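This report refers to the structure that appears directly beneath it.
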């Protein structure tokens, strides 16, 4: 980001005003995109927070053949546009049991096929109540880099920052059947703040 402002300054000093304006606007957008506001939550034990800002695309029950755990689960899909905060946050307190990175395509993250075909990072968390949940970072059409800042064995807190996906992407949360789903399609949510479900 500093490099962007330096380049803008150089163009301005050279009298290349139009180019300086363009690079300045790009630098402003990059600063806006990588913003990382402080957030607090008052979630209770058993409540699951959304791991991403954005809009809920779908809430559905899927079979074991389609779930990461091999068991029937409830899936909540969240789409992040380029205008959303892209820092991802842990949905529940617990221990990171497994992380699996899978290379893939870069279809638009709002499409359902992105869930199965795009580059993704699968994180399995065992909650303090010994209930496993899975959340998946999925790259989008423009986003081609997934950052994950936690590792297997880490003990994590609800709302803790755990990663970032650049420029438009998708997050999915897989919960045990019987969970009380609070999220509804079309709902706007904020990472580390909005309760999307209660564990059974």
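Values quoted throughout were computed directly from the atomic coordinates according to the rules given, and no laboratory measurement underlies them. What you see is a predicted model; the values in this text were computed from it and never measured.
Sequence-distant contacts, meaning Cα pairs under 8 Å at least 6 residues apart, place the relative contact order of the chain at 27 percent.
For region 146-180 versus region 33-89, the inter-centroid distance based on Cα atoms is 7 Å. For a test of the definition: using alpha carbon positions, the gyration tensor, and the 1.5 limit on a/c, classify region 108-200 as rounded, prolate or oblate. The shape class here is oblate.
For n ≥ 4 DSSP H runs only, could you compute -39500 (n - 2.57) per run for the chain, divide by its residues and tell me the 222 nm figure to the nearest 500? Walk me through the intermediate numbers first.
On the way: 3 runs with 33 residues, N = 200.
Calculated at 222 nm, the ellipticity per residue is -5000 deg cm²/dmol.
For the chain, with a Gaussian network of springs between Cα atoms less than 10 Å apart, report the residue from 109, 58, 139 with the top mean-square fluctuation. Result: 58 has the largest fluctuation of those listed. Note on the chain: with a GNM built from Cα contacts shorter than 10 Å, the maximum mean-square fluctuation among 38, 93, 112 falls on 38. The GNM of the chain, with springs linking C-alpha atoms under 10 angstrom apart, assigns the highest mean-square fluctuation among 104, 94, 129 to 129. Potential lengthening of the chain between residue 111 and residue 147 amounts to 10.8 nm, from the contour at 0.36 nm per residue minus the alpha-carbon distance.
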